[in-house]
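The values are calculated or read from the model by the stated rules, or taken from the named source; none is laboratory data. A quick note: this is a predicted structure, and the numbers were derived from the prediction, not measured. Here Cβ is always computed from backbone atoms with ideal geometry, including for glycine, and neighbour counts include all displayed protein chains.
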Amino acid sequence: MLSKVVSKEEILSKFQDNQTIMFGDWHGEFAADDIIDGMLGKGVKGIHAIAVSAGMPDQGVGKLIHAKLVKSLITTHIAYNPSARDQMFSGELDIEFSPQGTFSERIRCGGFGLGGCLTPTGVGTEIENGKQKLTINGKEYLLELPLHADITLIKATKADSAGNISFRLNSRAISSNMAFAADLVIVEVEELVEFGELGPEEIDVPAPIVDMIYVRSGETRHVCPMWQRLRAKAEGGTK
């Protein structure tokens, strides 16, 4: 079976200026830190980010915002990142706020080919500005459009070489929805296991959805011998 495990260099080659990128981290936690640090080093700029929050200045997508590499952000809030607040007020960062449930549903719509969703959340507030409003059975709803990205970047706990991935507890957050809503899905994982080791009940996102797997450095978890061989091959070492 074709392995989807690749080097960080190969993954970083997929990131270019002005892309729309979904980040699965939750306020900076559960972030694909190795790859995000690589993006910082590469200087990818003009990013149109989609993330639950603006993270923190030193965590997750917040690091890219702090470095002023993000041009626009669709998010639910920015409270933990003063850099996002300051850039918003100075006009350097264009922010669209979306209620958290609506945000999640818009991503689901983007992943499953739906034209949008109807929700009463935001009716009568600033959220409705510029949006189509419909009345159904006497109740007003806003039409919220789907969200889709060029790349989804998420972190998972485990993966096999085929690309099946598994999250631990609430680290799944919104990442499983995001995995369906992008042209290219890149996953940074803590542990690579043998194909077949993940049971059906453990697989949160199936292999056909995932395009590239990177095993992050510095983890203390068990790493199977297969990964050692694959990493050597990806980095140009001895097979």
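Residue selection: Thr152 fails the criterion of being β-branched (Val, Ile, Thr) and surrounded by fewer than 22 Cβ atoms within 10 Å (Cβ to Cβ). For the stretch 34-56, a residue qualifies if it is more than 22 Å from Leu145 (Cβ to Cβ) and either among the hydrophobic types (A, V, I, L, M, F, W, C) or at pLDDT below 95 (or both), and the qualifying residues are Ile35, Ile36, Met39, Leu40, Val44, Gly55, Met56.
Rundown of residues vs (1) under 19 Å from Asp34 (Cβ atoms); (2) modelled with pLDDT of 95 or more; (3) within 13 Å of the chain's Cα centre (by Cα), yes/no style:
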| position | (1), (2), (3) |
| --- | --- |
| Ile127 | no, no, no |
| Asn137 | no, yes, no |
| Leu145 | no, yes, no |
| Ser171 | yes, no, yes |
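Looking only at the stretch 131-190, residues that are touching a strand residue (DSSP E or B) at 6+ places or on another chain (Cβ under 9 Å) and in a strand (DSSP E or B) come to 32 in all. Listed here are the strands (runs of 3 or more DSSP E) enclosed by the stretch 13-83 that have at least 1 residues being farther than 20 Å from Asp211 by Cα: 47-51, 70-75. Considering only the stretch 6-29, state which residues are surrounded by 22 or more Cβ atoms within 10 Å (Cβ to Cβ) and in contact (Cβ under 8 Å) with a residue 60 or more places away in the chain. Correct list: Ile11, Ile21, Met22, Phe23, Gly24, Asp25. Just so you know, in the stretch 63-85 the residues that are of a type in the set (S, T, N, Q) and under 17 Å from Leu147 (Cβ atoms) include one that is surrounded by the most Cβ atoms within 10 Å (Cβ to Cβ), and it is Thr75. For the stretch 38-64, a residue qualifies if it is closer than 18 Å to Gln16 by Cβ, in contact with a strand residue (DSSP E or B) (Cβ under 7 Å, 6 or more places away or on another chain) and among the aliphatic types (A, V, I, L, M), and the qualifying residues are Ile47, Ala49, Ile50, Val61, Leu64.
So which residues in the stretch 86-97 are part of a loop (DSSP other than H, G, I, E, B) and crowded, with 21+ Cβ neighbours inside 10 Å? Result: Leu93, single match. Does Lys14 satisfy the criteria of being under 16 Å from the mean Cα position of the chain (by Cα), of a type in the set (Lys, Arg) and modelled with pLDDT of 95 or more? Here the answer is yes, as Lys14 does meet what is asked. Scanning the stretch 156-204 for residues that are under 22 Å from Phe15 (Cα atoms) and among the β-branched types (Val, Ile, Thr) yields Ile165, Ile174, Val185, Ile186, Val187, Val189. The set of residues in the stretch 104-130 that are in contact (Cβ under 8 Å) with a residue 60 or more places away in the chain and not in a loop (DSSP other than H, G, I, E, B) comprises Ser104, Ile107, Arg108, Gly110, Gly111.
Restricting Gly101, Gly115, Gly60 to residues that are crowded, with 19+ Cβ neighbours inside 10 Å and under 24 Å from the mean Cα position of the chain (by Cα) narrows the list to Gly60.
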